[in-house]
Amino acid sequence: MGARMIRPPVRDGIESSERHALRREVARLAWPAALKYFLQGTLLFLVDTVMVGHHAVEGAARDGGLAALAIAGPLGWPLTSLLGACAIGPGTVAARASGGADAARARSAAATGSLIALGTGLLACLALWPLARGAISLLSFDTTAPEVAAGAEAYLRWTLLALPVSAAAMTLGNAARACGDTKHVVDRGCRHA
């Protein structure tokens, strides 16, 4: 009986050596995006914490900042998420163009998508700005302290001011990642746009 060569098992048509290389490639591409989302979430949390701490010291109520955040947060977070969802289309077009070796179309999709996102964010900011006080009063109780309502309105207005840039950055970053650039999203994306 001759020596038998033992081969690694094949699953889903991919040998284990290819599977290992694929895992390494996914990890190499994913870590910068994961770091970006971690830092973005951390910075948002820190801003919220500073706001809560600032209002807790200055406000009449000890929990004024937390209450202001609880009132305004449900209005601001969905706006940011909706504009973030708009980044999917340009990213898809850029990925398809990049896969077809059409770098000019990929850059155009990223630039056009970012301009549309910037404009949409600006329109949302302008349209919702006059409604901020009314929206806060709808979500507040009659017993809400005036300082808390003012803090909630300020938080919502800062969120509205950030919408245009946030939407454009999400769109540009998504398009760059869709083209395989996860490390230099802002730098290269801005130069190509």
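Any read-out appearing in this document is the output of simple, stated calculations on the displayed coordinates, not a laboratory observation. Note that the structure is predicted; figures quoted are calculated from it, not measured.
Some notes on this structure:
- One decimal place: the segment Ala145-Glu18 gains 39.5 nm when fully extended, by the rule 0.36 nm per residue minus the C-alpha distance.
- From phi via Karplus (6.51, -1.76, 1.60), per-residue ³J(HN,Hα) for the stretch 151-168 in Hz, x at Gly/Pro: x, 5, 5, 4, 4, 5, 5, 5, 4, 4, 5, 7, 4, x, 5, 4, 5, 5
- Rounded if a/c under 1.5, otherwise prolate or oblate - the stretch 85-166, Cα gyration tensor axes: prolate
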